[in-house]
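Reading through the structure tokens given below for one structure.
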Amino acid sequence: MKKLSFWQATAIGLGNIVGAGIFVMAGSAIDAAGPAALLAFMITAALAVTVGLNSAELASKMPNVEGGIYSFARVTFGDTIGFLVGWFRLISYAISGAAVALGFSGYLISLGLPSVLHFSLAILLIVTLSLLEIKGIRLAARAEEVFVIVNMTGLVIFVGSVLIFAKSSTSAFVPLLPNGITGMMSAASIAFFAYSGFNTIATLTPDVEDGDRSVPRAIMFSLIVSAFLYELVVFSMLLALNWSNYGSISSPLSLALSSIQAPTYVSLAVAFSALTATLTVTLSLIIAGSRTAKQMGEDGLLPRAFGKGSWIPTVVVAGIMIGSLGLGNVGSIALVANFGVIFSYMLSGLEVIRARRTLPKGKFLSPGYPFTQLFSLALSLLMLLSLGFQSLIVGVATLATGLVVHLIQDELSARKSDPSGRRHAAIG
């Protein structure tokens with residue numbers, strides 16, 4: 001099978017980054033921080049870049065693994081830590097996919113489809129994209145290349161329209177911190193949902209041409225482009241409408257365009273981009289989730305039936321996504337997903353420090369070592385605490401559940417390798 005090019009890998013990363021996060025969550029971030037949402041997105045971009053540098057170096061050192069952050073954790077810190085990271089990633093991918101699929105159906109309904117189809121459309125999207133992933137990664141990559149162009153074009157149209165039609169006023173950015181530092185950090189935690197997709201590229205390293213060189217470049221390129229675009233979008237949203245009017249609306253860009261009375265064709269173009277964005281992110285999450293599950297199956301941390309070449313991981317990820325649709329609350333889903341994502345990224349700096357001592361030198365080294373890694377660790381911990389009490393409780397419960405699953409799988413694997421029971425007798 002022909003491997004993916006650098007640009008195709010970048011398109012998959014951008015497709016997952018420039019997607020539902022900015023189209024759906026930007027309003028919530030502005031509501032939490034006010035004009036300081038601009039600073040919040042900068043803080044999140046700083047964390048994403050440092051974690052991206054960590055992931056890029058680890059991908060360069062381990063070009064033949066598919067699990068991304070999961071595989072990096074397992075190789076550097078062993079099976080238990082690796083399983084927990086993989087568990088959080090798998091759950092986060094699937095639950096996030098449910099939220100994004102609901103966003104897709106919500107945008108369709110906003111264009112005139114009956115609201116009774118809300119969940120049915122989300123299910124149909126998940127099933128269709130799962131079949132696309134099973135059909136082949138290159139077909140999915142070709143779809144990503146088209147979708148990401150549409151997504152970015154829609155955001156550029158949005159920014160340009162606001163700059164043309166909005167009445168400029170510096171009062172839109174005063175006061176800068178209406179909800180204080182706490183509000184800004186809360187917004188940064190929300191905004192991380194909009195950046196977290198770059199790890200999808202790392203999961204595809206074995207499928208990328210010259211992966212140990214191309215994947216680090218694709219990670220950094222996609223992060224730089226998305227960070228610049230996000231700042232422009234948030235700036236435009238603040239310029240179009242006072243921050244206090246956004247609330248937790250799920251279509252903040254449409255609200256902004258409505259407030260400046262933008263032409264109908266502009267609103268339709270942005271709505272179409274939102275549809276392709278949510279579609280693209282759902283596809284990327286299915287790809288990343290199934291790849292992580294396959295690698296965990298190959299490593300024996302999930303049943304072997306999940307291993308490479310199997311369609312079972314894709315079906316399981318799709319099943320969890322469909323089951324998670326019943327949660328219904330997109331905001332709560334995003335917080336739960338963010339806990340798992342930030343937890344797994346928090347360890348990436350420590351993984352690089354350990355890998356420098358235990359693994360061969362790769363073709364990419366993170367600059368600023370070890371300060372870059374320590375910065376990513378400290379900022380990740382701060383962001384994790386900023387998610388709020390409810391998210392922390394759910395995150396700890398997910399962690400405990402993962403430990404139970406790991407112990408059961410470990411016990412089953414031990415019995416298969418030692419059916420006579422001598423291992424247990426020796427331990428006793």
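What follows draws every value from the coordinates through simple rules; no lab data is involved. Everything numeric in this text was worked out from a predicted model, so none of it was measured. Counting neighbours? That spans all protein chains shown, and the Cβs are built from the backbone with ideal geometry, glycine included.
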**Study point:** FRET efficiency, SER120 to ILE312 (Cβ-Cβ, R0 25 Å, nearest 0.05)
**Key:** 0.50
**Study point:** Cβ-Cβ FRET estimate between LEU412 and PHE389, R0 fixed at 25 Å, reported to 0.05
**Key:** 0.10
**Study point:** Listed candidates [x] 21.8, 66; [y] 21.2, 78; [z] 23.9, 85 - label of the one calculated as Rg and Dmax of the Cα atoms in Å
**Key:** [y]
Check your understanding: Packing-wise, with mean Cβ within 10 Å as the measure, how do 119-126, 80-87 rank, highest first?
Key -> 80-87, 119-126
Check your understanding: Sorted from fewest to most neighbouring beta carbons within 10 Å, what does the list LYS61, LYS167, LYS3 look like?
Key -> LYS167, LYS3, LYS61
Practice item. Could you work out the relative contact order of the stretch 6-379, using alpha carbon pairs under 8 angstrom and six or more residues apart, expressed as a whole percent? Key: 40
Check your understanding: In degrees from 0 to 90, rounded to the nearest 10, what is the angle of the helix 118-135 Cα long axis to the longest principal axis of the chain?
Key -> 50
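Taking neighbour Cβ counts within 10 Å as the exposure measure, how do ASP207, ASP410 sort from fewest upward? Walk me through the numbers on the way to the answer.
Values: ASP207 20, ASP410 15.
Ordered from fewest to most neighbouring Cβ atoms within 10 Å, ASP207, ASP410 come out as ASP410, ASP207.
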Review point. Can you work out the FRET efficiency for the pair ASP79 and TYR369, with r the C-beta to C-beta distance and R0 = 25 Å, to the nearest 0.05?
Key: 0.40
Review point. What order do you get for ILE286, ILE353 when you list them from fewest to most C-beta neighbours inside 10 Å?
Key: ILE353, ILE286
Practice item. Give me the distance in nm between label points sitting 7 Å out from Cα along the Cα-to-Cβ direction at VAL405 and LEU359, one decimal. Key: 2.3
Check your understanding: Given LYS363/LYS416; LYS294/LYS363; LYS3/LYS361; LYS135/LYS361, which pairs have Cα atoms separated by over 29 Å?
Key -> LYS363/LYS416; LYS135/LYS361
Practice item. Would you calculate, for the chain, the mean residue ellipticity at 222 nm contributed by helices, counting each DSSP H stretch of 4 or more residues as -39,500 (n - 2.57) and dividing by all residues, to the nearest 500? Key: -25000 deg cm²/dmol
Exercise for review: Please determine, in degrees from 0 to 90 and to the nearest 10, the orientation of helix 330-346 with respect to the longest principal axis defined by the Cα atoms of the chain, where the helix direction is its Cα long axis.
Suggested key: 50
Check your understanding: What angle do you read, to the nearest 10 degrees and between 0 and 90, between the alpha-carbon axis of helix 211-240 and the longest principal axis of the chain?
Key -> 30
